[in-house]
1. Any idea which residue in region 38-54 is nearest to Val180 (Cα to Cα), counting only those that are open to solvent by 10 Å² or more (accessible area, probe 1.4 Å) and within 10 Å of the ligand (Cβ to nearest atom)?
2. For residues in region 143-169 being touching a Pro at 6+ places or on another chain (Cβ under 9 Å) and under 13 Å from Val230 (Cα atoms), which is farthest from the ligand (Cβ to nearest atom)?
3. Given (1) under 14 Å from the mean Cα position of the chain (by Cα); (2) crowded, with 23+ Cβ neighbours inside 10 Å; (3) more than 16 Å from the ligand (Cβ to nearest atom), where does Phe22 come up short, assuming only one miss?
4. Can you tell me how many residues in region 156-186 are of a type in the set (Ser, Thr, Tyr), more than 20 Å from Glu45 (Cα to Cα) and in contact with a Ser or Thr (Cβ under 8 Å, 6 or more places away or on another chain)?
5. Limited to region 138-173, what total is found for residues that are surrounded by fewer than 17 Cβ atoms within 10 Å (Cβ to Cβ), closer than 30 Å to Trp250 by Cβ and among the hydrophobic types (A, V, I, L, M, F, W, C)?
6. In this structure, does Gly77 turn out to be open to solvent by 10 Å² or more (accessible area, probe 1.4 Å), assigned to a loop (DSSP other than H, G, I, E, B) and either within 16 Å of the ligand (Cβ to nearest atom) or closer than 23 Å to Trp245 by Cα (or both)?
7. Anything in region 111-135 that is hydrophobic (A, V, I, L, M, F, W, C) and surrounded by 17 or more Cβ atoms within 10 Å (Cβ to Cβ)? List them, or say none.
8. Looking for something open to solvent by 10 Å² or more (accessible area, probe 1.4 Å), touching a helix residue (DSSP H, G or I) at 6+ places or on another chain (Cβ under 7 Å) and more than 16 Å from the ligand (Cβ to nearest atom) - is there at least one such residue anywhere in region 6-16?
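The values are calculated or read from the model by the stated rules, or taken from the named source; none is laboratory data. Note that the structure is a prediction, hence the values are computed from the model and not measured. With ideal geometry, Cβ positions are generated from the backbone for all residues, glycine too; neighbour counts draw on all protein chains shown. Only protein heavy atoms, including side chains, enter the accessible area calculation; ligands, DNA and RNA are left aside. Shrake-Rupley method; radii C 1.70, N 1.55, O 1.52, S 1.80 Å.
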Amino acid sequence: MKLTDLSWPQIKELSRDTPVVFPIAALEQHGRHLPLFTDSMLLGEIINRVMPRLESRVLFAPSLWLGNSDHHLDFPGTLSFPPRAYLDTLCGVMDNFLHHGFRRLVFVNGHGGNDVPARQAIFETRQKHRSRDDLLLLLATYWSLGGRPYEVDSSLVQRQMGHACEWETSMMLRIAPKLVGNYTAVEPVAQTDAFAPAGRGWVTGDRTREGHIGSPHLASAEKGEVLFRVFADDVAALLERVVAWDGKSWA
Ligand SMILES: [Zn+2]
């Protein structure tokens with residue numbers, strides 16, 4: 001079900017155990033060869049593939065296209081919430097749904113920079129409503145749900161999501177090839193971090209001059225289809241678990 005298509009009486013009639021999905025994306029630079037709306041388009045495609053599988057069992061809000069992208073602001077066109085305003089916005093949206101009586105809220109995330117604020121938002125919201133025992137507040141970043149696309153298609157070289165990389169460029173070639181620039185000539189940028197596993201503060205320019213991280217020249221539309229299938233399966237499987245939750249237990 002789409003939140004945008006229902007009337008308030010229809011919302012009122014829904015079971016309050018209906019999981020609510022709030023997709024969060026971004027508008028930010030994606031190297032020289034991909035459009036600024038890449039994260040929003042890719043997440044939109046995954047949601048479009050997942051929605052029919054859940055039918056009337058899950059309520060889908062429209063995607064929030066503005067995300068936490070301050071680290072990309074040195075590249076023209078990038079837009080970003082001020083990070084603290086973004087955190088407050090996510091908390092506020094969760095409070096809206098809780099006010100309407102819903103108890104199972106899932107941020108499905110399509111942008112790495114949203115991960116920390118969304119994690120903080122679900123944690124803060126849980127503390128705010130600490131006396132309740134019926135809340136399920138989740139953050140699910142679509143490429144971090146366990147799927148291993150390189151085991152499905154051994155021609156995939158990257159082992160993790162980069163930025164405007166083999167994975168993202170492949171998925172864009174699958175859904176919007178006309179918006180993809182000359183990716184075959186792009187030099188790879190290694191996905192390394194000398195101080196891992198420590199967390200390190202960074203701006204994008206610390207890591208890449210052109211804006212991408214990873215190997216866009218390896219992309220293909222066929223790989224993109226595999227990636228979409230694996231990630232949509234992961235998101236759908238997670239939402240099935242949210243539907244099936246007994247409403248009380250941790251397990
Ligand atoms: Zn991206």
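1. Across region 38-54, the extreme among qualifying residues is Met41.
2. Among those residues, the one meeting the criterion is Leu156.
3. (2)
4. Going through region 156-186, the residues of a type in the set (Ser, Thr, Tyr) turn out to be 169-170, 183-184.
When the remaining residues are screened for being more than 20 Å from Glu45 (Cα to Cα), the result is 183-184.
Next, from what is left, pick out any that are in contact with a Ser or Thr (Cβ under 8 Å, 6 or more places away or on another chain): 183.
Adding up the residues that qualify gives 1.
5. Adding up the residues that qualify gives 1.
6. Details: open to solvent by 10 Å² or more (accessible area, probe 1.4 Å): yes; assigned to a loop (DSSP other than H, G, I, E, B): yes; either within 16 Å of the ligand (Cβ to nearest atom) or closer than 23 Å to Trp245 by Cα (or both): yes.
Taking the combined requirement at face value, the residue satisfies it.
7. Residues of region 111-135 that are hydrophobic (A, V, I, L, M, F, W, C), as a first pass: 116, 118, 121-123, 135.
Scanning region 111-135 gives Ala118, Ala121, Ile122, Leu135.
8. Going through region 6-16, the residues open to solvent by 10 Å² or more (accessible area, probe 1.4 Å) turn out to be 6-16.
Then drop every residue that is not touching a helix residue (DSSP H, G or I) at 6+ places or on another chain (Cβ under 7 Å), which leaves none.
Within region 6-16, none of the residues are open to solvent by 10 Å² or more (accessible area, probe 1.4 Å), touching a helix residue (DSSP H, G or I) at 6+ places or on another chain (Cβ under 7 Å) and more than 16 Å from the ligand (Cβ to nearest atom).
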